[in-house]
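The values are calculated or read from the model by the stated rules, or taken from the named source; none is laboratory data. As the structure is a prediction and not an experimental result, all values here were calculated from the model. Cβ placement follows ideal geometry from the backbone for every residue including glycine, while neighbour counts extend to all protein chains displayed.
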Amino acid sequence: MRVFQVSELVEAINAQLAAFGEVWVRGELSGVKVAASGHRYFTLKDPQGQLACVMWASQADRLRFKLADGLAVLVRGVLEVYPQRGSLQLLVQELVPEGVGELQLAFEQLKAKLSAEGLFAPERKRPMPALPQRLGLVTSPKGAAVRDVLKVLSRWPHLQVLLYPVRVQGKGAEGEIARALRYLGKLGFCDVILLVRGGGSLEDLWAFNEEVVARAIAASPIPVISGVGHEVDFTIADFVADIRAATPTQAAELVVAQLERQARRVEDGFAALQRAWQRRFASVANRLALASGARGLAVFPARLQHLATRLDSWRASLPRLLRNLVHLRHRRFATAQAHLLGWPVRFGAAKQRQVLASHMAMARERLKALLLRRSLEVAAKARALQALSPLAVLRRGYSITTREGDQTPLRSASEVTVGERVVVRLAEGRLRTLVVGHLAGSQATLFEDPGRGDEQGEL
């Protein structure tokens, strides 16, 4: 009878196991562990037995989903006895979930992970900007989606669109999309970002289900609108985005609708403001029309003359008052300076002189500011009086009529008789006239054309 070394026996057993070739095994994962090297170690079991399995990192890293305890799977691999432990194990080369597709499982796993982190929470979603003027568009430049979006956006000609072309499917597309979102976020040009793609299968839309895209959307400082696929399609990007649109066209419609709402608000506000001003103008016009016939208006020129006299008096006295103020301040400063300079040195006379010099400089600046302010006040009052001067009214074509030798203004044509002499004061000069007749008609107001005569008057 032959006696085997342990290693020889293990080698012989492995040679016999190699005869099985590749085998498919169904079971449930248990005790899943990930080594520092990236290799996955787990047990495949059913109610009657269990089998140790190992999947090298080169194969495991290609899985779209994560291995978890309790997951029902089908595995393909080869059997061997591990010499260091003398245990039977299955070297897994392929692993697929049983009962659900690989992509669907990966989708559900990533969705649960990001939801637990709060990336889908409504409170972190940002609303559409009130007035989006500059839009970033992340999509393929060759697809139908970009044409549909630009067609809708063309309804708002002042909207600026920055297209960042990317691939929207295939290997590496998720990296391009994530880079585009990060670039537009750092650029600071856009008010909102549209991430769009037309419809397709789950495999075609998979770039929008990758974790790198989801985290780029969540980290974007700019609100992101996701419009991927058709109305029935949902991607991880839709859950993370601030606003989800059913289609690319609807994503563009959301932006244009926001702009149209703002335009309507501006139009309604302008119309309301216009109506308010019209009401205000009509009210003021009625008040002026009533005031034009008031008795107090007759003494208005005298009041203006009184104000003009007071203004002239202020103008004449202002230089003298300012000079007196300056002299008074100088005397005070000279007294204080003499007092401080007379102090002994041991009391800090040098320092006091510096303080005094500083106060004098400040006082000079304040005096200059006072002179400027008083001059501006006098100029403002002069402009106000000038605006209220009756001469300004006369320059607009009006006149003041009095009887010759009387300074009382005439208010009605019935106060004079035919043949009586009157004096008409104009903006420049006076006229002595003779009344030759009366004209029929009512008294004009400040809002009527003074140059329009009554052709049906009576001489």
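Does residue 213 satisfy the condition of being in a helix (DSSP H, G or I), in contact (Cβ under 8 Å) with a residue 60 or more places away in the chain and closer than 26 Å to residue 150 by Cβ? Before the answer, list the steps.
Details: in a helix (DSSP H, G or I): yes; in contact (Cβ under 8 Å) with a residue 60 or more places away in the chain: no; closer than 26 Å to residue 150 by Cβ: yes.
So residue 213 fails the test.
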Q. Of all the residues that make up the stretch 28-54, how many are under 23 Å from residue 210 (Cα atoms) and loosely packed, with under 14 Cβ neighbours inside 10 Å?
A. 1
Q. Taking interchain pairs and intrachain pairs at least six residues apart, which have beta carbon atoms under 7 angstrom, with the first residue in the stretch 136-163 and under 16 Å from residue 260 (Cβ atoms) and the second part of a loop (DSSP other than H, G, I, E, B) and not aliphatic (A, V, I, L, M)?
A. 159/133
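Suppose the filter is modelled with pLDDT under 90, closer than 25 Å to residue 104 by Cβ and of a type in the set (Phe, Trp, Tyr); does residue 234 pass it?
Numbers: modelled with pLDDT under 90: yes; closer than 25 Å to residue 104 by Cβ: yes; of a type in the set (Phe, Trp, Tyr): yes.
When the stated conditions are applied, residue 234 passes them.
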Q. Of the residues that make up the stretch 70-88, is at least one at pLDDT 90 or above and part of a strand (DSSP E or B)?
A. no
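Scanning for something in a loop (DSSP other than H, G, I, E, B) and either touching a Phe, Trp or Tyr at 6+ places or on another chain (Cβ under 9 Å) or more than 13 Å from residue 128 (Cα to Cα) (or both), does the stretch 268-279 turn up at least one residue?
no
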(Q) Among (1) without any contact (Cβ under 8 Å) to a residue 24 or more places away in the chain; (2) touching a Phe, Trp or Tyr at 6+ places or on another chain (Cβ under 7 Å); (3) of a type in the set (S, T, N, Q), there is one condition residue 30 misses while meeting the rest; what is its number? (A) (1)
Q | Residue match in the stretch 55-63 (condition: buried (at least 17 other Cβ atoms within 10 Å of the Cβ) and assigned to a strand (DSSP E or B)) | A | yes
(Q) Residue pairs, Cβ under 9 Å, 6 or more apart or interchain, first in the stretch 64-89 and within 30 Å of residue 208 (Cα to Cα), second of a type in the set (Ser, Thr, Tyr). List them. (A) 69/30; 70/30
Q.
Checking the conditions here, which among 433, 417, 402 is exposed (fewer than 10 other Cβ atoms within 10 Å of the Cβ), outside the structural domain of residue 333 (by TED's automatic domain parsing) and either assigned to a helix (DSSP H, G or I) or of a type in the set (Val, Ile, Thr) (or both)?
A. 417
Q. Among the residues of the stretch 191-222, which ones are surrounded by fewer than 18 Cβ atoms within 10 Å (Cβ to Cβ) and either within 20 Å of residue 250 (Cβ to Cβ) or acidic (Asp, Glu) (or both)?
A. 199, 200, 203, 204, 211
Q) In the stretch 386-404, what residues are at pLDDT 80 or above and of a type in the set (Gly, Ala, Ser)? A) 399
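Only one residue in 73, 23 is surrounded by 15 or more Cβ atoms within 10 Å (Cβ to Cβ) and in contact with a strand residue (DSSP E or B) (Cβ under 8 Å, 6 or more places away or on another chain). Which one? Give the steps one after another, and end with the answer.
Working: 23 fails: surrounded by 15 or more Cβ atoms within 10 Å (Cβ to Cβ).
Answer to the selection: 73.
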(Q) Going by what's in this entry, would residue 198 be described as farther than 16 Å from residue 136 by Cα, small (Gly, Ala, Ser), touching a Ser or Thr at 6+ places or on another chain (Cβ under 9 Å) and in the same structural domain as residue 180 (by TED's automatic domain parsing)? (A) yes
**Q.** Residue identified as closer than 18 Å to residue 115 by Cβ and of a type in the set (Gly, Ala, Ser) among 178, 241
**A.** 241
Q) Taking the condition at pLDDT 85 or above, surrounded by 11 or more Cβ atoms within 10 Å (Cβ to Cβ) and of a type in the set (Gly, Ala, Ser), does residue 369 pass? A) no
Q | Criterion: among the charged types (D, E, K, R) and under 60 Å from the mean Cα position of the chain (by Cα) - qualifying residue of 395, 421, 432 | A | 395
